[in-house]
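A short write-up of the structure that comes next.
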Amino acid sequence: MAESALYVYVSHQRGRQISVLRMSNATGELNKLQDVPVAGNAMPMAVSPDRRFLFTALRTEPFSIASFAIDGASGMLTHLGYAPAAESAAYICTDRAGRFLFSACNPSERSRRTGLVSVSAIGPHGFVHAPHQVIRTPPKAHATLPDPSNRFVFVSSCDGDVMVRYAFDAAAGLLDPDVLPPLLVQPESGPRHFVFHPNNRFMYLLNEYDASIYAYTYDVRAGAFSEIQIASTLPPNFTKEQSARAADLHFTPDGKWLYASVRASLTLAVFRVDAMTGRLTSAGHFPTVDEPRGFNIDPFGRYLLAAGLRANSLAAYRIDPDTGALGKLAEYPTAEGPNWIEFVRLP
């Protein structure tokens, strides 16, 4: 049986395009297949659970969500259309069934101290519709994800130092506007991105301003969290007093290693994860491209790609399965402002 093909999708904040590349399973080498122009600054992306569609948020006015079909044989994209977004979307994702798209949005006027979370239907042919529900959140909403059961949706608020929790009706595609008790962090931490462990028993929240990771146990029945640890993603020699600007975090598929990017130090931090307790143990810090706003890990857990937003390049690394260490393989020039990376395995 032929091995699955790996495709990489990279959005470009200033280049206003999505690039499609194919990655070699054996070597991690990248080869460009396609550049797809879009009508704005392409930033966060999401892939449907069935891997048939890709969505990206355009963060220039008029704010919109672009929908694409993924060719199952070639990995190339066909543009399906644009739909209006509630505001400038910092993060998008689908629900677990792929029927709805959630967006964490921020008003373009920073003086408006609020955030938004919106819900849009995804049509059977992959086209995202205009939002049918918009709810205000604390300021600078930065990420949103459904829980593993698809019964709850969470939104991180960078400037509110809080994660808000909503019950989700997956049949109607509606969030309950009466929020559940929020999840609080230390003031001026800056909750940004968060991920669930592959075993669904733990959740990890990366804070932008102090570069901390909060580890929690997760009760899927109640949608409730219990804090178990706070770890730092900063390298030992980091001395700057301004925001650490931690950005993104991802697991290897086996849940053994957790990686986080820190823009101020231009590093990727790696942690060993105890699958029984959820606790993190630092396994090193690795220099990377300027600046690592987005990165991702391939579906087999062998390679990590980091986007250099200011370097205009992609850095490819091989992951050591025994130590979590990153060995740099190559660096590839890109269009201006690579921002977000998604992997898709086909077929």
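What follows draws every value from the coordinates through simple rules; no lab data is involved. As the structure is a computational prediction, the values presented were derived from the model and not from experiment. For neighbour counting, all protein chains shown are included, and Cβ atoms are generated from backbone atoms with ideal geometry for every residue, glycine included.
Below are the figures for this structure:
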| item | result |
| --- | --- |
| Residues located in the range 1-45, provided they are of a type in the set (G, A, S) and under 19 Å from L314 (Cα atoms) | S11, G15, S19, S24, A26, G28, A42 |
| From the options P333, P347, residue that is over 20 Å from the mean Cα position of the chain (by Cα) and within 22 Å of R52 (Cα to Cα) | P347 |
| Every pair of residues 6+ apart whose Cβ atoms lie under 6 Å, when the first sits in the range 196-219 and is closer than 17 Å to G294 by Cα while the second is acidic (D, E) and not in a strand (DSSP E or B) | Y209/E188 |
| Options F194, F202: the member that is touching a Phe, Trp or Tyr at 6+ places or on another chain (Cβ under 7 Å) and under 18 Å from P138 (Cβ atoms) | F194 |
| Enumeration of residues in the range 153-198 that are over 18 Å from I135 (Cα atoms), touching a His at 6+ places or on another chain (Cβ under 9 Å) and in a strand (DSSP E or B) | P191, R192, H193, V195 |
| Residue tally, condition on the phi > 0 side of the Ramachandran plot and under 17 Å from the mean Cα position of the chain (by Cα), over the range 182-199 | 1 |
| Listing of strands (runs of 3 or more DSSP E) fully contained in the range 1-117 that carry 3 or more residues being within 24 Å of P292 (Cα to Cα) | 5-12, 17-23, 30-37, 42-47, 53-58, 88-94, 100-106 |
| H125 outside any loop (DSSP other than H, G, I, E, B) and surrounded by fewer than 17 Cβ atoms within 10 Å (Cβ to Cβ) | no |
